[in-house]
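Read-outs: derived from the displayed coordinates by stated rules, not from any lab. In this text, all values refer to a predicted model and were calculated from it rather than measured experimentally. Positions of Cβ are backbone-derived with ideal geometry, glycine not excepted, and every protein chain shown enters the neighbour counts.
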Amino acid sequence: MIRPTAGRGNAGTLHFPDVSDLADPLLEVEDLVTSFRTTRGTVHAVDRVSLTVNRGQTLGVVGESGSGKTVLSRSIMGLLPARDVLRSGTVRFAGHDLTAMEPAQLRQVWGAQLSMIFQDPMTALNPVVRIGRQITESLRLHLKMDRKEATATAIELLRSVGIPSPEQRIRSYPFQLSGGMRQRVMIAIALACAPRLVLADEPTTGLDVTVQAQILDLLAAMQQERHMAVILVTHDLGVVAKRADDIAVMYAGRIVERAPTRTLFAHTRMPYTRALMDSIPRLSDPSGTRLRAIGGRPPDLIHPPTGCRFSPRCPYVQDKCREADPPLRTAGSPDHLFACWFPLVDGVPSGPSGSGQPVTLTTNGAPNNAVEAPAS
Ligand SMILES: Nc1ncnc2c1ncn2[C@@H]1O[C@H](COP(=O)(O)OP(=O)(O)OP(=O)(O)O)[C@@H](O)[C@H]1O
Ligand code: SF4
Ligand SMILES: [Mg+2]
C-alpha cells in the first residue's frame, strides 16, 4: 500500500510519497537512450529523450510508425528484452530512480504505481488465463486482497470499463472477446491498483472510430476520478489534440517538438509536426479527398541521416540542415521546445533562404533575431 514517505524501507520494500506531497514532477526522464544490437547493426530506437510529466497531467507522444514510441514507453517502464539492449539515462518516478532498480523492485512498481496499456492486447494478455484471474492476480499481489475481495473488485472494474455481464465475462479467455472488449480488459488490468501514471501505447489501434472514442473517454474519466497522469502514445495527432495537456512529437527516436497542446497547434515550429497536422483528415474536406501522406520514408535507425534527421523529407531543407544536427531549443516561450534550424512562423520557414542562420522567435511567433535562443 502507498505510504507517505519516499525512499527504500525494510526488506527492499519501496515506499512512495502521496502524490499531492510531490514537489517535483511525477516522472522525469533525462537523456534516455535505448538501442538494440542486431545482425544488421545497432538500432538507435530512442536517442537522448528527456521529458517530464506532472501528476494528473496527460502527455501525448506522437510520431509515425517506427519513430520509437513503444520503445520509449517500454524503456520508461523498464520492460525491455533482456539481451542485446543498451540503455542509458535516468527515469525518475515519484522520487525513485527506476533505471537503478532490481527486477524485484520494479515488480513492486509495475501495476501498482506505474502501468502500461499495451499496443496489442492479444499479445499482452495471457491467452490461457481467464481475464478475471489476470486482474485479480495484481490485486492480490499489490493490494493484498483475499480471493473473494479481489474477485468482487475485478467484477466492478470490468463493469466500470463497460464490459457487459462482468460476472460471467470474468470467466472468459481473451480469444472469446472482441478487439474492443480486449482493449477494455487491458485498461481494467492497467487501472486495477490505481497507479499514479499510465502509459497507454496506442490504446485504440485497430478499433472503429466509435469504440475508439468510447475507450479514450473512459480512460479520461478514470484519470479524472483518480488524478492519474497519462502518457497517451499514438501515431495520430488528431487523437491527442483534444485530450493531451502537452504534446511531444517524436521523429526517428528523438523528441523534435514539445509544447502545451494549444501552443503546438497555434505556433507549430517543426515542419515535421506541420506535416503530421496536415495528415489529419478534416470534416470540412470534400468526400473523396485523399489523405495527405508525408512524402518519403522514415529514416533507417541504424544509419540515420546526418544533420537534421527529417532533412531528406523536409520541403524547407537547406544546406545547414544536412550538415548540423539542430538542437532542441526554446525561443521566447520556455515550455515550447523544437529542433529545427528554420522553424516555421505562421506556416512558413523563418530566416532568409540559404542564409544558414538560425532565426530566434518571440512567443507570439514574430522573428526576433536580437535575442539568442537558449539551447536546451
Ligand atoms: N527488440 C528490437 N530489436 C531491434 N529493433 C527493434 C526492437 N524493438 C523495436 N525495434 C526498432 O526500434 C524502432 C522503433 O520501434 P517502435 O516499436 O518503438 O516504433 P513505434 O513508434 O512504436 O511504431 P508503431 O507506431 O508502428 O507502433 C523501429 O525501427 C523498430 O524496428
Ligand atoms: S532543420 Fe531544416 S530539414 Fe530539419 S526540419 Fe528544420 S528546416 Fe527542415
Ligand atoms: Mg508502437
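How would you order 336-343, 37-44, 125-132 from highest to lowest mean count of nearby Cβ atoms within 10 Å?
336-343, 125-132, 37-44
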Once you charge only the Cβ atoms, +1 for Lys and Arg and -1 for Asp and Glu, what is the size of the charge dipole of the chain about its Cα centre, to the nearest 20 debye? 880 debye
Within 11 Å, Cβ to Cβ, of GLU156, how many net charges do the neighbouring residues add up to if Lys/Arg are +1 and Asp/Glu are -1? -1
Counting Lys and Arg as +1 and Asp and Glu as -1 over every other residue whose Cβ sits under 10 Å from the Cβ of GLU28, the net charge comes to -2
Pairwise label distance in nanometres, ARG159 with VAL85, each label 7 Å out on the Cα-Cβ vector: 3.8 nm
Length-normalised contact order of the chain, Cα under 8 Å, at least 6 apart, in percent, tallies to 16 percent
Residue span LEU106 to TYR173: 0.36 nm per residue of separation minus Cα-Cα distance leaves a gain in nm of 21.4 nm
Where labels lie 7 Å past Cα in the beta-carbon direction, separation of THR39 and ASP217 in nm: 5.0 nm
Run lengths n ≥ 4 of DSSP H only: what is the helix-derived mean residue ellipticity at 222 nm for the chain, with -39500 (n - 2.57) per run over all residues, to the nearest 500? -8000 deg cm²/dmol
Candidate lysines - alpha carbon under 24 Å from LYS69, same-chain residues fewer than 8 apart omitted: LYS242
If a helix is a whole DSSP H run, which ones in the chain reach 15 Å or further along their own axis (Cα) and hold a mean Kyte-Doolittle hydropathy of at least 0.5? 179-191
Over the Cα atoms of the stretch 122-194, what Rg and Dmax result, in angstrom? 10.9, 31
By average Cβ neighbour count within 10 Å, what is the ranking of 242-252, 90-100 from highest down? 242-252, 90-100
For the chain, report the convex hull volume of the alpha-carbon atoms normalised per residue, in Å³, without decimals. 158 Å³
Which listed residue (GLY307, LEU237, PRO203) has the Cα farthest towards the positive end of the charge dipole for the chain, taking +1 on Lys and Arg C-beta and -1 on Asp and Glu C-beta about the Cα centre? PRO203
